[in-house]
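Below you'll find the structure, written out as structure tokens, and then a few comments.
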Amino acid sequence: MQIDLSSTGKRFNRDWIFRKLTYSFYSNNCYAITGSNGSGKSTLLQCIAGSTNISEGTIIYKEQDVIGSDDTYKSIVIAAPYLELVEEMTAFEFLQFHQTFKPFIKGMNANTALEEVGLKTAVHKQIRLFSSGMKQRLKLAQAFLADTAVLLLDEPCTNLDKEGIALYHSLIEKYANNRLVIVCSNDEQEIFFCKERVDIRDWK
């Protein structure tokens, strides 16, 4: 997968969050989007994910040299603190539901995914009863363990304790290879593996 941004911009009312952003993201590479709090990192990631419309320019998704279609979303998964979980569901039910449109990687299922992120004992627990750290682990499970070419992460260690951060590092080592990974963060423990750095302040 390749994602090309050309003279891309986003504004809310009269305020431009970023403008004239031209950049290409390539498979088998890991990128960090950096910038001060409120600078627009998350907005840019949402634009790349297709969940927020851009105000100018273009974003083109290319997979195996073919420009992406309406099914491009099937190749992209995102985990972010502001994305809600279906709290009436159990952890197992949520991952079963999620895999109907974002299938797991080969050999993975809802039970093994929950075990992978340390939620084995919470399989049948309603998400509304989860701690904030448990919810973040579940978000990481649905993102890292989905069979997608693109993995988007926004402040992925939010609400995680020391063990949770170690889990994140393990997931990176196991499941970030051979994908296009973009992480929004200024925290080095979240972006330590990203060789490419994109400072959104360069496009203000």
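The values are calculated or read from the model by the stated rules, or taken from the named source; none is laboratory data. Since the structure is predicted, the reported quantities are computational estimates derived from the model, not experimental observations. Cβ sites come from the backbone with ideal geometry, for glycine too, and all protein chains shown count toward neighbours.
Could you list, in sequence order, the residues of the stretch 2-56 that are more than 15 Å from the chain's Cα centre (by Cα) and hydrophobic (A, V, I, L, M, F, W, C)? Step through it out loud before you land on a result.
Of the stretch 2-56, the ones more than 15 Å from the chain's Cα centre (by Cα) are 2, 4-24, 26, 28, 35-40, 53-56.
Within the stretch 2-56, Leu5, Phe12, Trp16, Ile17, Phe18, Leu21, Ile54 qualify.
Take the residues of the stretch 77-124 that are more than 29 Å from Cys47 (Cα to Cα) and touching a strand residue (DSSP E or B) at 6+ places or on another chain (Cβ under 6 Å): which is surrounded by the fewest Cβ atoms within 10 Å (Cβ to Cβ)?
Once the filter is applied, the top-ranked residue is His124.
Find the residue count for the stretch 168-204, including only residues that are within 21 Å of Leu138 (Cβ to Cβ) and polar (S, T, N, Q).
Initial filter on the stretch 168-204 (within 21 Å of Leu138 (Cβ to Cβ)): 168-176, 179, 181-185, 187, 189-190.
Pick out the ones that are also polar (S, T, N, Q) and you get 170, 185, 189.
Total meeting the criteria: 3.
When you scan the stretch 150-171, how many residues do you find that are more than 14 Å from Tyr82 (Cα to Cα), of a type in the set (A, V, I, L, M, F, W, C) and either touching a strand residue (DSSP E or B) at 6+ places or on another chain (Cβ under 6 Å) or without any contact (Cβ under 8 Å) to a residue 24 or more places away in the chain (or both)?
Let us first name the residues in the stretch 150-171 that are more than 14 Å from Tyr82 (Cα to Cα), namely 150-151, 160-171.
Filter once more, so that each one left must be of a type in the set (A, V, I, L, M, F, W, C): 150-151, 160, 165-167, 171.
Going one step further and asking which of them are either touching a strand residue (DSSP E or B) at 6+ places or on another chain (Cβ under 6 Å) or without any contact (Cβ under 8 Å) to a residue 24 or more places away in the chain (or both), we end up with 150-151, 166.
Count: 3.
To keep it simple, each residue is scored yes or no on (1) more than 22 Å from Thr90 (Cα to Cα); (2) in contact with a helix residue (DSSP H, G or I) (Cβ under 8 Å, 6 or more places away or on another chain).
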residue: Leu129; (1), (2): no, no
residue: Thr148; (1), (2): yes, yes
residue: Asp154; (1), (2): yes, yes
residue: Tyr175; (1), (2): yes, yes
residue: Ile182; (1), (2): yes, yes
residue: Ile191; (1), (2): yes, no
residue: Val198; (1), (2): yes, no
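Working only within the stretch 187-204, note down all residues that are assigned to a loop (DSSP other than H, G, I, E, B) and modelled with pLDDT under 95. Steps first, please.
Initially, the stretch 187-204 is screened for residues assigned to a loop (DSSP other than H, G, I, E, B), giving 187, 192-195, 204.
If the condition is that a residue be assigned to a loop (DSSP other than H, G, I, E, B) and modelled with pLDDT under 95, then Lys195, Lys204 are the ones that fit.
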